[in-house]
């Protein structure tokens with residue numbers, strides 16, 4: 001009987017973290033959509049709030065399928081940030097910078113939407 005309780009508990013934790021996951025994904029989505037829409041101004045503050053939420057709540061998800069989503073979102077933000085910084089010098093020539101940041105933004109949007117789809121199915125996300 002104790003094994004049943006142990007098996008159910010991670011599922012209950014995963015379900016309780018869905019709200020946190022949705023809040024984080026929606027904040028990421030707002031930034032991601034704004035990044036690919038010409039003239040829109042994505043707010044770095046929203047991204048920072050989402051990242052802090054993910055960093056703080058990640059340990060609560062350990063041992064559940066939600067853990068993969070926390071890691072997915074954290075890695076997505078970190079990689080996007082690194083790629084934006086590395087490609088920033090391309091803005092000297094305008095067009096290459098626009099292309100690079102456009103591709104990074106599309107990749108970021110893809111990762112957020114893919115994560116949302118998998119979380120909606122109640123499944124872990126794999127790279």
Residue by residue through the range 27-54, note down the ones that are modelled with pLDDT of 95 or more and loosely packed, with under 13 Cβ neighbours inside 10 Å.
52
Evaluation of residue 90 against (1) in contact (Cβ under 8 Å) with a residue 12 or more places away in the chain; (2) more than 27 Å from residue 17 (Cα to Cα) (one fails), failing number:
(1)
Which of the residues belonging to the range 34-54 are under 14 Å from residue 77 (Cα atoms) and in contact (Cβ under 8 Å) with a residue 60 or more places away in the chain?
35
Restricting the search to the range 101-121, which residues are touching a residue at least 60 places away in the same chain (Cβ under 8 Å), within 30 Å of residue 13 (Cα to Cα) and either surrounded by fewer than 16 Cβ atoms within 10 Å (Cβ to Cβ) or more than 13 Å from the chain's Cα centre (by Cα) (or both)?
113
Would you pick out the residues in the range 104-120 that are out of contact with any helix residue (DSSP H, G or I) (no Cβ under 8 Å at 6 or more places or on another chain) and more than 18 Å from residue 47 (Cβ to Cβ)?
117, 120
Being surrounded by 12 or more Cβ atoms within 10 Å (Cβ to Cβ) and farther than 30 Å from residue 13 by Cβ is the filter here, so list the residues in the range 66-100 that pass it.
83, 84, 87, 88, 90, 91, 96, 97, 98, 99, 100
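The values are calculated or read from the model by the stated rules, or taken from the named source; none is laboratory data. On a predicted model such as this, the values are computed, not experimentally measured, just so you know. No Cβ is skipped: glycine too gets one built from the backbone with ideal geometry, and neighbour counts run over all protein chains shown.
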